[in-house]
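Notes to accompany the following structure.
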């Protein structure tokens with residue numbers, strides 16, 4: 001599978017391997033990290049951002065691709081809808097079928113609410129399902145929520161909203177317990193001790209995992225629980241606009257059947273946006289590890305209704321995306337591979353950094369290696385890459401470790417004849433996570449009454465970078481939180497008349513600002529069908 | 001110029017790049033996918049696909065996102081398969097001998113044809129984990145079925161009408177909740193937090209000036 005040039009470079013990796021075992025790799029100093037990020041991290045490429053001309057974040061910069069959607073026209077701009085023809089009438093409407101949406105639905109249902117989930121693909125077609133490495137929680141004897149806070153706050157460049165991060169770390173152990181009690185199969189010792197490892201930027205081993213199917217195991221359990229509770233799921237249906245009532249409070253959503261194009265009206269006393277991330281917008285042309293529907297839809301809906309976004313200018317580029325072969329270009333190679341001993345090595349066989357720096361710093365360092373330093377390996381995917389030395393794991397952690405600890409990775413590479421136990425793999429950063437998103441309060445509510453948000457669609461919990469394992473934690477903690485809040489709030493709500501006036505108002509703002517980008521949003525799905533050239 | 005191959009999507013011929021997966025071949029052919037496409041990385045099971053290479057006697061099944069095309073591949077996606085999912089109150093069941101018999105009695109109709117195992121996109125020993133379920137060996141069933149993405153291919157090939165992914169899922173939840181030993185340290189920590197034991201520590205940290213927090217972060221001790 002590897003090209004002759006790659007094989008020649010592998011020989012250098014093999015030649016240096018023995019000397020690298022046990023050799024202490026220095027971590028970057030605070031100043032080195034700062035310099036790396038400023039010079040090489042994609043968030044700092046000013047020319048890749050536009051200034052928003054309208055809406056609550058007017059004057060702030062966001063990636064071009066996001067700006068086009070936030071400043072885009074509504075899908076229902078020229079559609080006549082009768083809001084009095086109500087197809088669904090519920091207490092809590094959850095938009096999104098991933099881990100935060102499912103957690104929210106379960107808790108709202110447990111609180112007695114009439115809950116409905118709507119998702120544009122199927123429940124579980126979500127980034128939650130693809131999270132591989134694990135979930136953090138400070139439950140070990142030598143650990144504490146304060147220590148977890150310090151790691152996450154520093155890793156996020158001291159930009160997290162303190163009260164949100166406090167909740168994330170303090171509720172962490174209970175989130176693990178909740179999942180365990182639902183039947184999630186965590187990796188444990190025979191006596192029940194949780195097996196935990198490091199992630200990039202952690203100072204304690206607090207990464208809980210379910211092999212490298214951590215997100216899948218959690219998501220399929222949550223999905224099963226939603227089904228067992230018989231919570232209705234309207235799938236292959238997207239929310240294309242929020243509906244407010246005449247008092248400016250959330251009152252439902254306009255839904256669209258993804259297959260027939262038919263519109264439906266959902267009335268709801270409370271609405272929870274749990275629509276996830278934006279990797280399929282391919283910022284700066286990066287490949288992505290995200291699922292097919294990651295197109296920032298919830299951000300567009302909330303923004304148009306007047307909710308501000310927190311840190312919409314920052315994304316996480318996962319340092320180890322698969323860079324070869326072409327068929328898996330951009331797919332995630334879990335950080336767990338480094339957590340269990342995989343080393344980052346350049347074309348010359350040199351270990352160029354400590355493998356467990358935070359993701360943003362690691363990504364910047366890989367980009368430097370492949371650009372300025374000229375020590376990348378060229379790939380046919382149109383770029384260069386560095387090695388992740390995986391055979392090293394089998395040497396230092398014992399034969400069989402890879403199949404036991406990262407079976408999905410092993411399976412993915414074996415499809416293409418690469419045995420990562422024998423040969424290293426090629427990696428390069430891939431667009432992985434939306435650090436920013438909808439601004440929320442501690443109870444998951446937003447600036448619009450009765451509108452809540454949870455999961456990757458939210459910004460501010462992690463700051464300007466997120467540690468591995470804090471996203472799975474976030475979707476559980478804040479998904480449940482939003483579900484509980486909505487499940488308590490709906491009881492006292494008397495909805496006013498439903499209206500889409502905010503959509504018309506926003507269109508007027510577009511006109512007034514002279515914006516003519518021609519984009520329609522939310523995007524719903526990326527356009528991958530090849531258009532035949534005439 | 002990239003080498004091209006012929007594939008037959010639902011019987012219709014298209015020329016696509018040899019390097020394509022079944023999924024990207026469909027997109028190259030002009031399909032804007034809505035169904036049969038989820039995570040695109042082999043985790044969600046949305047893209048179960050049946051194919052036969054012309055002249056081959058064997059019918060094959062795969063995940064479209066994880067499988068490269070070959071010349072003369074006849075392809076049909078399986079966008080949905082009606083699995084039998086029984087409603088279970090996880091708090092109301094126990095991992096006893098009867099539970100599978102009550103909920104999924106069809107597992108005892110297995111005729112041992114092994115079509116499920118042969119068809120599994122994840123190369124799991126599906127018939128084996130069903131056999132464990134028959135014998136109420138839920139721990140073994142849970143581990144053997146662990147990598148299941150619930151694509152439903154196995155069930156589509158089963159003459160006994162077994163919904164293998166649902167059986168595996170129930171076994172895993174029973175194992176995770178009831179059979180695996182509980183973590184005492186986790187329970188202890190949850191109780192400590194509920195008791196407010198860590199609140200002083202964390203609020204002291206949060207109330208420090210940012211420069212002090214920065215210094216603490218940069219000099220923190222990292223567990224070996």
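The values are calculated or read from the model by the stated rules, or taken from the named source; none is laboratory data. Note that this is a predicted model, so its numbers are computed, not measured. Glycine gets a Cβ as well: all are built from the backbone with ideal geometry, and neighbour counts include every protein chain shown.
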Filtering segment B:48-74 down to residues that are part of a loop (DSSP other than H, G, I, E, B) and closer than 13 Å to residue A:327 by Cβ yields B:67, B:69, B:70
Please find, among B:174, B:169, the residue that is within 8 Å of another protein chain (Cβ to nearest Cβ), under 26 Å from residue B:65 (Cα atoms) and surrounded by 16 or more Cβ atoms within 10 Å (Cβ to Cβ). B:169
Looking only at segment A:120-163, count every residue that is more than 7 Å from every other protein chain (Cβ to nearest Cβ), surrounded by 23 or more Cβ atoms within 10 Å (Cβ to Cβ) and in a helix (DSSP H, G or I) and tell me the total. 7
Does residue A:268 meet the test of being in contact (Cβ under 8 Å) with a residue 40 or more places away in the chain, within 21 Å of the chain's Cα centre (by Cα) and under 20 Å from residue A:444 (Cα atoms)? no
Looking at residue A:21 and the list (1) surrounded by 13 or more Cβ atoms within 10 Å (Cβ to Cβ); (2) over 27 Å from the mean Cα position of the chain (by Cα); (3) more than 28 Å from residue A:233 (Cβ to Cβ), which single condition is not satisfied? (1)
When you look at residue B:15, is it in contact with a strand residue (DSSP E or B) (Cβ under 8 Å, 6 or more places away or on another chain), more than 9 Å from chain A (Cβ to nearest Cβ) and either surrounded by fewer than 19 Cβ atoms within 10 Å (Cβ to Cβ) or not in a loop (DSSP other than H, G, I, E, B) (or both), yes or no? yes
Just checking, how many residues over segment A:165-185 are within 7 Å of another protein chain (Cβ to nearest Cβ) and not in a loop (DSSP other than H, G, I, E, B)? 9
Pick out, from segment A:376-468, the strands (runs of 3 or more DSSP E) lying fully within it that include 3 or more residues that are assigned by TED's automatic domain parsing to the domain that holds residue A:17. A:377-379, A:383-389, A:425-434
Residues in segment B:25-52 that are facing chain A (nearest Cβ under 8 Å) and either under 24 Å from residue A:333 (Cα atoms) or free of Cβ contacts under 8 Å to residues at least 40 places away in the same chain (or both): how many? 17
Looking at A:362, A:288, A:270, which one is touching a strand residue (DSSP E or B) at 6+ places or on another chain (Cβ under 6 Å) and not assigned by TED's automatic domain parsing to the domain that holds residue A:248? A:362
If residue B:123 passes every condition in (1) under 30 Å from residue A:354 (Cβ atoms); (2) within 9 Å of chain A (Cβ to nearest Cβ); (3) at pLDDT below 95 but one, which one does it miss? (1)
Evaluate the following for residue B:109: is it more than 18 Å from residue A:183 (Cβ to Cβ), away from chain A (no Cβ under 14 Å) and under 17 Å from the mean Cα position of the chain (by Cα)? no
Which is at pLDDT 95 or above, within 30 Å of residue A:449 (Cβ to Cβ) and within 14 Å of chain B (Cβ to nearest Cβ), of A:259, A:230, A:241? A:230
Quick check on my filter: what residues within segment B:193-224 are under 35 Å from the mean Cα position of the chain (by Cα) and closer than 26 Å to residue A:160 by Cα? B:193, B:194, B:222, B:223
Being closer than 30 Å to residue A:70 by Cα and surrounded by fewer than 24 Cβ atoms within 10 Å (Cβ to Cβ) narrows it down to one of A:471, A:384, A:445, so name that one. A:445
Please go through segment B:82-137 and give me each residue that is assigned to a helix (DSSP H, G or I) and in contact with a strand residue (DSSP E or B) (Cβ under 8 Å, 6 or more places away or on another chain), ordered by number. B:119
Between A:217, A:225, which is in contact (Cβ under 8 Å) with a residue 12 or more places away in the chain, in contact with a strand residue (DSSP E or B) (Cβ under 6 Å, 6 or more places away or on another chain) and in a helix (DSSP H, G or I)? A:217
Residues of segment B:192-224 satisfying the condition of being outside any helix (DSSP H, G or I) and either facing chain A (nearest Cβ under 7 Å) or touching a residue at least 12 places away in the same chain (Cβ under 8 Å) (or both): B:198, B:220, B:221, B:222, B:223
Suppose the filter is in contact with a helix residue (DSSP H, G or I) (Cβ under 9 Å, 6 or more places away or on another chain), more than 21 Å from residue A:133 (Cβ to Cβ) and part of a helix (DSSP H, G or I); does residue A:338 pass it? no
Per the filter on segment A:477-533, residues more than 28 Å from residue A:292 (Cα to Cα) and in a loop (DSSP other than H, G, I, E, B) are A:493, A:494, A:495, A:496, A:497, A:500, A:513, A:514, A:515
